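Student: Below you'll find the structure I mean.
The values are calculated or read from the model by the stated rules, or taken from the named source; none is laboratory data. Just so it is clear, the structure is predicted and the values come from calculations on it, not from any experiment. For neighbour counting, all protein chains shown are included, and Cβ atoms are generated from backbone atoms with ideal geometry for every residue, glycine included. Accessible surface is based on the protein model in full, side chains and every heavy atom, while ligands, DNA and RNA are left aside. Shrake-Rupley method; radii C 1.70, N 1.55, O 1.52, S 1.80 Å.
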Amino acid sequence: MGLAPFAAIPEFVQFDHTTTAINKNSTGVSFFWIIRITRDMPMQPEPPCTDFAPRRYRLTPRRHDGQADRRRTERELAIATQLGHFLLQYQPRVRLQDGRSHAAEALIRWPHRKQGMIPPAMFLPLAEESGQIVPIGAWVLRTACREARGWRQPWTVSVNVSPRQLVAGTLLRQLAAALEETGLPPERLELELPESHLVAADTDTLLTLSAVRDIGIGLALDDFGHGFASLAVLKRLPLTAMKLDRSLVRGLPADQEDAAIVRAVIAAGHALGLTVTAEGIETELQRDFLAGCGCDDGQGTLFSQPLPADQMPIRARS
Ligand code: C2E
Ligand code: MG
Ligand code: MG
């Protein structure tokens, strides 16, 4: 069994307590790994298939009866989807020139009765495969618009969108419903589309994205630099913003090649009229370098972890 199936496991997982999360093997082969993640524990000797492991956590994979586990998780996810039993956390985005926040990205979590707070990389691939991502995406849009409508300052809210939402008018219907129901002005909403969705965007997708732009909603290319998107993709799409993947930010400012790439990409983004955000900023050196390159916005643990809605600094007074 190769390592690729586990590529979806995030490098950064924020848990307050020991918790367990499930990752489906994305090759479709029927087994699960149960991963125990313990905050601030030293790594155990490297178990098999864990080169994906976050350095700060101990992972203990165990092989289980895959089919049964998979069916149970699918059933639980279907119920959670019907009940809208998810949460959004919000990670503020900061203007690098003055350090002020003016936007926040909505990030879904699945609070599981036994397994604690499950991060998106552990269940969204399964939701994508089963099609449940469509109602989950609608829930995310509605909830993010409703919660942002209640903020005391008119920050933009960014919502991640899945490729399944882009087909056959689904996204436009979901957007119309969310904006109408919540009254959020479209200018305060931005959609984030990972570059992997957009490299081969077809005409229908381009028409959908243009319609989204016509409503006044922002469109950001997410995770730029993580995969294979070229600068030509930026030109072809009706984008308003791009987000530099944290893999480009990690080595800054010491890594000369990353530094050169980041400078060039920021300049290209600006030449195309896009706002550029750097993701995964964890140190002041990274922030200072990016600000010096003229990068507009930053997001990362240096500024804030993703926050529960009721801990947002601009939440509505109760
Ligand atoms: P993303 O959209 O690129 O979101 C940024 C991810 O980086 C988040 O992980 C965030 O918690 C993490 N992060 C933030 N600051 C730092 C940092 O300083 N260092 C590091 N190493 N990581 C940081 P999260 O919340 O686990 O989300 C992972 C991915 O899941 C997201 O990546 C997005 O692609 C997807 N996702 C999250 N929520 C949704 C959703 O509602 N719908 C869809 N379709 N996808 C979602
Ligand atoms: Mg995103
Ligand atoms: Mg991203």
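Student: How high is the FRET efficiency between His85 and Arg152 when r is their beta carbon distance and R₀ equals 30 Å, given to the nearest 0.05?
Tutor: 0.65
Student: If R₀ is 22 angstrom, what is the calculated FRET efficiency for the pair Asp202 and Arg173, using the beta carbon separation as r and rounding to 0.05?
Tutor: The formula returns an efficiency of 0.70 here.
Student: Follow-up question, since we're still on this one. Using only the heavy atoms of the protein chains and a 1.4 Å probe, how would His226, His85 rank by accessible area, largest first?
Tutor: Details: His226 130, His85 95 Å².
Reading off the accessible areas and sorting them downward yields His226, His85.
Student: If you don't mind, another one. Sort the range 111-200 into rounded, prolate or oblate with this rule: let a ≥ b ≥ c be the square roots of the eigenvalues of the Cα gyration tensor; rounded if a/c is under 1.5, and if a/c is not under 1.5, prolate when a/b is larger than b/c, oblate otherwise.
Tutor: Judged from the Cα gyration tensor, the range 111-200 comes out oblate (a/c at least 1.5, b/c at or above a/b).
Student: In addition: With no solvent and one point per C-alpha, what does the Debye sum give as log10 I(q)/I(0) for the range 174-286 at q = 0.13, 0.15, 0.20 Å⁻¹?
Tutor: Relative scattering, expressed as log10 I(q)/I(0), comes to -0.53, -0.68, -1.05.
Student: Suppose the chain between Gln305 and Glu284 were pulled fully straight at 0.36 nm per residue; how much longer would it get relative to their current alpha carbon spacing?
Tutor: Between Gln305 and Glu284, full extension yields an extra 6.0 nm.
Student: Assign unit charges at the C-beta atoms only (+1 for Lys and Arg, -1 for Asp and Glu), then state the dipole size of the range 161-208 relative to its Cα centre in Debye, rounded to the nearest 20.
Tutor: Computed charge dipole of the range 161-208: roughly 120 debye.
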